[in-house]
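Okay, so here's the structure we're looking at.
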Amino acid sequence: MNIESYFMEATYLVASILFILSLKGMSHPETARRGMFMAEAGMFAAIVGTLVGQHIVTWVWIISGLALGSIIGGWMAVTVPMTAMPQRTALSHAFGALAAALVGVGEFLVHASEMGVVTRGALGLEVMLGALTTTGSLIAAGKLQGVIGGKPIQFRGQNAVNLLIGVGMLGSFVFFWIHPEAVAVFYIMLGLAFVFGVMLVIPIGSADMPVVMSLLNSYAGLAAAATGFVLGNNVLIIAGTLDGFSGFILSVLMCKAMNRSITNVLFGGFGAVIAEASGDSDGVMREISLDDAAMQLAFASRVVFVPGYGLATAQAQHAVRELAELLEGRGVTVKYAIHPVAGRMPGHMNVLLAEANVPYAALYEMEQINPEFVSTDVAVVIGANDVVNPDARDNPKSLIAGMPILEVDRARSVIVLKRGQGRGFSGLENPLFFKACTTMLYGDARSSLSHLAKAVQQV
Ligand code: NAP
């Protein structure tokens, strides 16, 4: 080994350690930012190591690619709003997976005949997983962005068609593995994988898309790990495996938080039918005036804020912190209840509230806060809907039956901040809004909270 190779292996080791530490850091909101910096430093080390250690054919393409990628990535990071982060992430997966698939095709064109059996198997896996993740992620991004309808697309015999495509794809993969000279079969596998990615995602409703994306993330990671085997690149194997398994664990955790199984998410067509809510929903929603809501809050001893997707769209995180500080100044105990799937991505509420400098100590997870609702004077639901839907607990026929919820309806009083009659992501009616303890404060969450803060100051 020459000096460059030693340097490259050393940077790969450093990068791998940084990737592992970054995952550890990201497991808690307080250390998440540091975790991200470690991941970035790790990626930087891996890129520098590769550029120094590998024989570079021409720098022109590498520098142009780096420049173009950095400009597009930087532009997206600055301009894409937090609420659109899931579809932005889906696009990143699509391009990452496409890169893996293209590297595989490139390696096939140049080295297929001289490859050992194991490397050829890894190459087939890389191309197959990369291709299906590319189209699957593009469909997911389209659904989340609303470019493609969010409803599940289902037709008679769909599972049989999918099975046929899947078997065809796997069959071509095995054939190519045994007969590397069968160039046509390799391209058939590639084509079927692209189609399979589309077929896999179209029957899934947009409500389940974050889980699907996390699963696709896992496939993209495994494709990258397979690329590592093909290229003999250790850091790709390690990073790809970490990505693959963390993505899979995240999918399982998200399913658990929604009381669904992975099979139900993938084949259940959730959102295809709008299920009936329990009987209470025939009642009326009672509106509350700003002054009455402010009075309730100002004279309460315990208030719990329950943020949801609407807080994110309204960008109301600073407004809620300001109101909370006002109330605390009056001696009110204020807590924030965080549901694991509130918003549109894991940790969505934690990130928003951290951005507004809400102290971590004031954030309570579902299991911690649920027993406290009975002794809560006012629960303020800010743009949350599904995660506080009591049907999940009380109506076994509900589509979300069994999904753990924040039990705000056990509080003495519930004030719901939302703009109108809009439903949550599941499309279900929410009986909470019709309960005797609940009142509705209509309007954009940010302006409602700022007006509430002004009204509390007048009390
Ligand atoms: P949600 O059920 O989607 O409800 C959001 C509510 O916010 C709507 O009812 C809407 O009503 C209101 N809203 C929207 N914009 C608003 C604004 N500017 N001001 C005030 N209110 C506004 O949200 P959630 O309770 O957070 O539940 C999250 C959903 O996403 C769950 O179904 C969950 O399973 C799903 N999901 C989340 C994840 C994740 O990782 N977080 C993953 C997969 C699935 P109006 O239109 O009337 O205002």
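Observations on the structure shown:
- Evaluated on the stretch 275-458, the Kirkwood hydrodynamic radius is 16.0 Å, with distances taken between all distinct Cα atoms.
- Working note: 222 nm ellipticity from helices only, DSSP H runs with n ≥ 4, each -39,500 (n - 2.57), summed and divided by the residues of the chain, gives -20000 deg cm²/dmol to the nearest 500.
- Of the whole protein surface, Thr89 contributes about 40 Å² of accessible area at a 1.4 Å probe radius.
- A 1.4 Å probe, protein heavy atoms only, puts the accessible area of Trp59 near 120 Å².
- Using θ = phi - 60° and Karplus 6.51 cos²θ - 1.76 cosθ + 1.60, couplings along the stretch 437-448 (whole Hz; Gly, Pro as x): 7, 9, 10, 10, 10, 7, x, 4, 4, 5, 5, 4
- Average projection area in nm² (convex hull over Cα atoms of the stretch 1-79, one quarter of hull surface): 6.2
- Put a plus charge on the Cβ of each Lys and Arg, a minus charge on the Cβ of each Asp and Glu, and nothing anywhere else: the dipole of the stretch 275-458 about its Cα centre is then about 240 debye.
- A cut-off of 5 Å between modelled amide H atoms, ignoring neighbours fewer than 5 places along the same chain, links Cys437 with no other residue.
- Between helix 158-178 and the chain there is an angle of about 30 degrees, using the helix long axis and the longest principal axis of the Cα atoms.
- Net charge of neighbours whose Cβ lies under 9 Å from the Cβ of Asn385, counting Lys and Arg as +1 and Asp and Glu as -1: +1
- Listed peptides 99-110, 386-397 appear in the order 386-397, 99-110 once ranked by packing, highest mean of other Cβ atoms within 10 Å at the front.
- The mean accessible area for residues of the stretch 1-79, using a 1.4 Å probe and ignoring ligands and nucleic acids, is 71 Å² per residue.
- Backbone geometry of the stretch 107-123 corresponds, through the Karplus equation with coefficients 6.51, -1.76 and 1.60 at θ = phi - 60°, to 3J(HN,Hα) couplings of 4, 4, 4, 8, 10, 3, 5, 9, 7, x, 4, 5, 4, 5, x, 5, 4 Hz, x marking Gly and Pro.
- Whole-number D in µm² s⁻¹ for the stretch 49-122, Kirkwood Cα-pair radius fed into Stokes-Einstein, 10 °C, 1.306 mPa s: 105
- Karplus-derived HN-Hα couplings along the stretch 227-242 (A = 6.51, B = -1.76, C = 1.60, θ = phi - 60°), whole Hz, x at Gly and Pro: 4, x, 5, 5, 8, x, 10, 5, 5, 5, 5, 5, 5, x, 5, 4
- Accessible area of the stretch 105-200 belonging to carbon and sulfur atoms, whole % at 1.4 Å probe: 74
- Here Lys435 is the anchor, and the lysines within straight C-alpha reach of less than 30 Å, apart from those fewer than 8 places off in the same chain, are Lys151, Lys256, Lys335, Lys397, Lys418, Lys454.
- Dividing the C-alpha radius of gyration of the stretch 85-268 by 2.2 N^0.38 Å, with N its residue count, gives 1.01.
- The stretch 335-454, accessible area per residue, ligands and nucleic acids excluded (1.4 Å, Å²): 37
- Here the accessible area is traced with a 1.4 Å probe on the protein chains. For the stretch 1-79, carbon and sulfur cover 75 percent of it.
- Under 5 Å from the amide H of Val358 lies no amide H of any residue 5 or more positions distant or on a separate chain, with H modelled from the backbone and absent for Pro and chain starts.
- Shape analysis of the chain based on the Cα gyration tensor places the equivalent ellipsoid semi-axes at 47, 27, 16 Å, largest first.
- Annotation: Leu231 carries an accessible surface of approximately 80 Å², with a 1.4 Å probe and no ligand, DNA or RNA atoms counted.
- A 1.4 Å probe run over the stretch 85-268, with the rest of the protein chains in place, finds 42 Å² accessible per residue.
- Largest-first ordering by accessible area, 1.4 Å probe, given options Lys418, Lys435: Lys435, Lys418
- Interchain or long-range residues, amide H under 5 Å from Ile153's placed H: Ile204
- Candidate residues Tyr6, Tyr12: accessible-area rank, largest first, probe 1.4 Å: Tyr6, Tyr12
- Exposure ranking of Ser92, Ser413 by accessible area [1.4 Å probe, largest first]: Ser92, Ser413
- Net length gained if the chain between Lys256 and Ile3 were fully extended (0.36 nm per residue, minus Cα distance): 86.2 nm
- Once the Cβ-Cβ distance of Lys454 and His28 is raised to the sixth power relative to R0 = 45 Å, the FRET efficiency obtained is 0.80.
- Surface share of carbon and sulfur [accessible, 1.4 angstrom probe, percent] for the stretch 349-457: 51
The values are calculated or read from the model by the stated rules, or taken from the named source; none is laboratory data. The structure displayed is predicted, hence computed values, not measured ones. A quick note on method: Cβ atoms are made from the backbone with ideal geometry, for glycine too, and the neighbour counts reach across all protein chains shown. Areas reflect the complete protein model, heavy atoms only, side chains present, ligands, DNA and RNA absent. Shrake-Rupley method; radii C 1.70, N 1.55, O 1.52, S 1.80 Å.
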